[in-house]
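Some notes on the structure that comes next.
Each value in this text was obtained by applying a stated rule to the coordinates, not by laboratory testing. Predicted model, so just to flag it, every value in this text is computed and none were measured. Here the Cβ is made from the backbone with ideal geometry for all residues, glycine too, and neighbour counts use every protein chain on show.
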Amino acid sequence: MQSPTRLLLLHSRRRFFTTATTSRVKKASIFRDIDQLKAETNRVIIEDVDKVKRLESEDRNALNRLLTSCGMPRGAFRDKLVFGCNVAAAFVSSSVVGACGAAWKRGTT
């Protein structure tokens with residue numbers, strides 16, 4: 001078996017010859033691949049921007065639809081109002097579940 005340094009020397013001395021036509025073909029295919037990647041990237045970016053625009057413009061629940069129908073503009077105040085209403089709804093629903101659970105344990109409904 002040959003030593004690793006000898007193999008490296010043999011490998012480094014090996015010459016590869018290419019003709020001008022093969023290098024042109026390789027360059028053309030590389031440029032074609034780059035163009036395809038650019039087109040695919042642009043398509044994905046445009047799809048993502050459209051998704052974000054749809055997400056920002058849609059009303060996700062009944063409260064947002066109600067505020068839109070009343071003419072309230074979107075913004076920081078509306079976001080804070082919706083968040084506060086959601087927190088209050090979670091508190092009320094947990095209180096109702098707790099009260100119903102206590103009444104059920106006592107045997108009175």
A careful count of residues in the stretch 29-58 that are assigned to a helix (DSSP H, G or I) and within 30 Å of PRO73 (Cβ to Cβ) gives 13
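Only one residue in LEU63, LEU81 is assigned to a helix (DSSP H, G or I), touching a residue at least 12 places away in the same chain (Cβ under 8 Å) and in contact with a helix residue (DSSP H, G or I) (Cβ under 7 Å, 6 or more places away or on another chain), so which one is that?
Step by step, each of LEU63, LEU81 is checked, and only LEU63 is assigned to a helix (DSSP H, G or I), touching a residue at least 12 places away in the same chain (Cβ under 8 Å) and in contact with a helix residue (DSSP H, G or I) (Cβ under 7 Å, 6 or more places away or on another chain).
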Test: residue in the stretch 68-91 that is touching a Ser or Thr at 6+ places or on another chain (Cβ under 9 Å), surrounded by 10 or more Cβ atoms within 10 Å (Cβ to Cβ) and either acidic (Asp, Glu) or on the phi > 0 side of the Ramachandran plot (or both): no
Considering only the stretch 48-67, state which residues are within 22 Å of the chain's Cα centre (by Cα), surrounded by 10 or more Cβ atoms within 10 Å (Cβ to Cβ) and within 18 Å of ALA89 (Cβ to Cβ). ASP59, ASN61
